[in-house]
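Beneath this line is the structure, given in structure tokens, with notes to follow.
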Amino acid sequence: MNVTQLSAFVTNKPGHLQRVLKVLADENINIITLTIAETVDFGILRMIVNDPDKGYRVLKEQNITSSITDVLALEIDDTPGSLFNALDVFAQMNLNIEYMYAFTEKRDGKAVMIFRFEDVETAKKALIDKGYNIVRKIDIIGENK
């Protein structure tokens, strides 16, 4: 099972990010990790949350443009060159990374990276074939949402 990412379109003005975070907090949706890609006028807040379907629904109810997307969570050694080696697998398979970001905490001493690909399943297969551990949704959010 892949990891589902919740994204929200946020106007780059004071209070707009806070509004998104309040909607999620009011609905008891926990943000596990996040990143923001921004321009002068807007940003895209990408998050791994404990309940992405509910997060998507409540953001839509508040007229906040949002989406859910399958992403790949990859466990890599926390040593120099480990990220390079993973990216080398993608390059060998001619897989383009649309974006990536990292978890803020380690799992069992390993780093966890989030990747977005046009074809997540092909990327997953390539990594599994090379011995990488794909982190499943249940491993990230636990048994209970």
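Rule-based calculations on the coordinates, nothing more; no lab input. The model shown is predicted, which means the values in this text are computed figures rather than measured ones. Quick reminder, even Gly has a Cβ in these numbers, built from the backbone with ideal geometry, and neighbours come from all protein chains shown.
Between Gln92 and Asn30, the simple spin-label model (points 7 angstrom out along Cα→Cβ) gives 3.7 nm.
When the C-alpha to C-alpha distance is required to be over 23 Å, the pairs from Lys22/Lys60; Lys54/Lys124; Lys54/Lys130 that qualify are Lys54/Lys124; Lys54/Lys130. Site pair Asp53 and Ser82 shows an inter-label distance of 3.3 nm when each label is modelled 7 Å from Cα along Cα→Cβ.
From most to least packed by mean Cβ count within 10 Å, the peptides 3-10, 127-134 give 3-10, 127-134. Protection proxy ranking of 48-56, 114-122, by the mean of other Cβ atoms within 10 Å over each peptide's residues and highest first, is 48-56, 114-122. Under the simplified labelling scheme, the Asn2-Thr122 pair shows an inter-label distance of 1.3 nm, with each label point 7 Å from Cα along Cα→Cβ. For the stretch 20-112, dividing the convex hull volume of the Cα atoms by the residue count gives 128 Å³ per residue. The length gained on full extension between Asn63 and Ala102, counted as 0.36 nm times the residue separation minus their Cα-Cα distance, comes to 11.2 nm.
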